[in-house]
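**Student:** Okay, handing you the structure first.
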């Protein structure tokens, strides 16, 4: 019996980007749900229990930093692999984040994103978590 497809929550206020990522991930066999702000991401994470989260940093209602802190509180730091999506000028802020698996700089190559997702799942399957140490 085949394993159930992995579920990924894509969180980005840029709806076209979220849709493009969703389509690409679905073409690779992933189940994908999308949120467009941090509050919606928290609701969907509780409801859908994703295997991995792609989380933008700058969003309305609740930004990625606040969302990450709340995810860590609700589910445990590093329990769900989280890959941060960030603009190059926000990279310095990454070192303040705890419990992230990896990060991708916007604009990003979709193939690079797929490699990072695959690597995150392989690390978790090997019992390693998270890839990036806390600051």
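The values are calculated or read from the model by the stated rules, or taken from the named source; none is laboratory data. The structure presented is a predicted model; accordingly, all values stated were derived computationally and were not measured. Please note: Cβ atoms are built from the backbone with ideal geometry, for glycine as well, and neighbour counts cover all protein chains shown.
**Student:** Within the range 36-77, track down each residue that is on the phi > 0 side of the Ramachandran plot and in contact with a strand residue (DSSP E or B) (Cβ under 8 Å, 6 or more places away or on another chain).
**Tutor:** Correct list: 49 only.
**Student:** Consider residue 13 carefully, then state whether it is exposed (fewer than 15 other Cβ atoms within 10 Å of the Cβ), on the phi < 0 side of the Ramachandran plot and modelled with pLDDT of 90 or more.
**Tutor:** Considered against the rule, which asks whether it is exposed (fewer than 15 other Cβ atoms within 10 Å of the Cβ), on the phi < 0 side of the Ramachandran plot and modelled with pLDDT of 90 or more, residue 13 comes out as no.
**Student:** Determine which member of the set 93, 89 is at pLDDT below 90, in contact with a helix residue (DSSP H, G or I) (Cβ under 9 Å, 6 or more places away or on another chain), part of a helix (DSSP H, G or I) and within 23 Å of residue 108 (Cα to Cα).
**Tutor:** 93
**Student:** Shifting gears a bit: Considering each of 84, 53, 8, 105 in turn, give the residue that is modelled with pLDDT under 90, part of a strand (DSSP E or B) and either surrounded by 18 or more Cβ atoms within 10 Å (Cβ to Cβ) or in contact with a helix residue (DSSP H, G or I) (Cβ under 9 Å, 6 or more places away or on another chain) (or both).
**Tutor:** 105
**Student:** Can you name the residue in the range 27-50 that is out of contact with any helix residue (DSSP H, G or I) (no Cβ under 7 Å at 6 or more places or on another chain) and not in a helix (DSSP H, G or I) and, of all such residues, is farthest from residue 110 (Cα to Cα)?
**Tutor:** Checked the range 27-50; the qualifying residue farthest from residue 110 (Cα to Cα) is 49.
**Student:** Next up: So which residues in the range 18-29 are under 19 Å from residue 103 (Cβ atoms) and under 14 Å from the mean Cα position of the chain (by Cα), if there are any at all?
**Tutor:** If the condition is that a residue be under 19 Å from residue 103 (Cβ atoms) and under 14 Å from the mean Cα position of the chain (by Cα), then 18, 21, 25 are the ones that fit.
**Student:** Right, something else. I'm trying to understand the selection: among the residues of the range 17-32, which are more than 13 Å from residue 55 (Cβ to Cβ) and in contact with a strand residue (DSSP E or B) (Cβ under 6 Å, 6 or more places away or on another chain)?
**Tutor:** 22, 25, 26, 30, 31, 32, listed by residue number.
**Student:** Looking at (1) modelled with pLDDT of 85 or more; (2) buried (at least 18 other Cβ atoms within 10 Å of the Cβ), which one does residue 78 not meet, given that it meets all the others?
**Tutor:** It is condition (1) that residue 78 fails.
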